[in-house]
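Encoded as structure tokens, the structure appears first; notes follow it.
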Amino acid sequence: MAHELLERNGRCRVACLAAETFMNQMIGALRQDQMAGFRDRFRDVDVLILDDVEFLAGKERTQEEFFHTFNALHAAGKQVVLTSDKPPQAIAELEQRLRSRFEGGLIADVRPPNHVMRVEIVTRKAALHGVELAPAVAATIAHRSGSSVRELEGALTRVLAEANLRNLPLEAALVERVLTAPVRPVAMLSVELIQDVVGRHFRVGPEDLKSPRRERGVVVPRQIAMYLCRTLAELPFPAIGEKFGGRDHSTVIHAVRAVESKRGQDPQTDALLQQLEHELRARHP
């Protein structure tokens with residue numbers, strides 16, 4: 001959306017960021033006594049696009065600041081676009097004044113793409129890499145990838161990498177070999193087993209994964225463990241957060257999306273996740 005706006009009008013001032021980033025920048029401005037500059041930055045735009053707005057739930061100071069930012073933009077006739085994993089009325093710990101403003105706009109339920117759309121997406125993504133996919137190849141990738149666009153991108157990345165590394169033609173047979181048939185998630189896989197397997201690989205203990213520690217050596221395996229709890233054990237976000245030191249569900253959503261994004265862009269991360277998934281399925285009775 002931001003790219004489309006800028007393409008239509010290069011002078012359009014667009015701010016596009018995650019709600020967590022908004023909060024972190026606000027905290028930084030408070031600490032450095034630069035709130036005036038922070039407010040000007042976000043209230044002097046034509047369009048504000050805020051992702052994962054459910055992250056604001058329970059964060060009173062951030063909600064207060066965003067409330068005034070929202071009002072200032074709305075009063076000036078500017079556009080505000082928000083995304084969330086649930087409708088406004090379902091976001092717990094969201095101030096009523098914010099909820100009422102969110103509900104006053106156009107609410108669109110964005111569902112996963114159907115097969116036809118997925119084929120179109122993978123075809124266009126391949127074109128960005130300078131690759132023209134045959135219809136049968138695009139259809140096979142769309143059929144054998146996961147349910148999200150990020151998983152679709154990850155599947156395409158794996159296929160292109162395999163074809164380039166081995167100098168093989170992009171054919172449906174190659175896709176079928178690289179992208180094995182989707183395996184049903186193991187619904188009864190325990191969080192404890194996931195924490196144990198991931199912890200052993202990264203040489204951190206389960207207690208580290210549950211702790212408030214923020215070092216990269218702990219944050220990365222914690223995010224991966226959360227991702228596997230979501231994709232393999234199919235646990236809801238709040239339940240995962242509870243198993244990782246009582247973290248908020250928005251933190252889990254951020255972790256899962258971060259790992260999904262990196263998996264789609266980095267073949268090494270994808271290979272690591274495939275290894276962990278294989279080990280977990282092998283150890284599950």
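The values are calculated or read from the model by the stated rules, or taken from the named source; none is laboratory data. Computed from a prediction, not measured in an experiment: that's the story for all the values here. Every residue, glycine among them, receives a Cβ derived from its backbone with ideal geometry; neighbour counts consider all protein chains shown.
Would you confirm, using the coordinates I've provided, whether LEU152 is modelled with pLDDT of 90 or more, surrounded by 12 or more Cβ atoms within 10 Å (Cβ to Cβ) and either in contact with a helix residue (DSSP H, G or I) (Cβ under 7 Å, 6 or more places away or on another chain) or more than 23 Å from LYS262 (Cα to Cα) (or both)? So LEU152 fails the test. Of all residues in the stretch 206-225, one or more are assigned to a helix (DSSP H, G or I), buried (at least 21 other Cβ atoms within 10 Å of the Cβ), among the polar types (S, T, N, Q) and at pLDDT 95 or above. Look at GLY217 and say whether it is within 20 Å of ALA255 (Cα to Cα) and either without any contact (Cβ under 8 Å) to a residue 60 or more places away in the chain or of a type in the set (Gly, Ala, Ser) (or both). It is true that GLY217 is within 20 Å of ALA255 (Cα to Cα) and either without any contact (Cβ under 8 Å) to a residue 60 or more places away in the chain or of a type in the set (Gly, Ala, Ser) (or both). For the stretch 252-285, filtering for residues that are farther than 16 Å from GLY146 by Cβ and either of a type in the set (Asp, Glu) or touching an Asp or Glu at 6+ places or on another chain (Cβ under 8 Å) (or both) leaves 4. Of the helices (runs of 4 or more DSSP H) lying entirely inside the stretch 1-54, those containing at least 1 residues that are within 22 Å of LEU94 (Cα to Cα), among the β-branched types (Val, Ile, Thr) and assigned by TED's automatic domain parsing to the domain that holds ASP85 span 19-31.
Evaluation of ARG166 against the conditions (1) farther than 30 Å from LEU30 by Cβ; (2) within 23 Å of the chain's Cα centre (by Cα); (3) modelled with pLDDT under 90 shows that the sole unmet condition is (2).
Remark: pairs (first residue in the stretch 107-132, within 17 Å of HIS143 (Cβ to Cβ) and not assigned by TED's automatic domain parsing to the domain that holds VAL81; second residue assigned to a helix (DSSP H, G or I) and at pLDDT 95 or above; Cβ separation under 9 Å; 6+ apart in sequence or on different chains) are absent. Based on what the data block shows, is ILE240 under 15 Å from the mean Cα position of the chain (by Cα), at pLDDT 90 or above and either in a helix (DSSP H, G or I) or surrounded by 14 or more Cβ atoms within 10 Å (Cβ to Cβ) (or both)? For ILE240, the condition - under 15 Å from the mean Cα position of the chain (by Cα), at pLDDT 90 or above and either in a helix (DSSP H, G or I) or surrounded by 14 or more Cβ atoms within 10 Å (Cβ to Cβ) (or both) - is not met.
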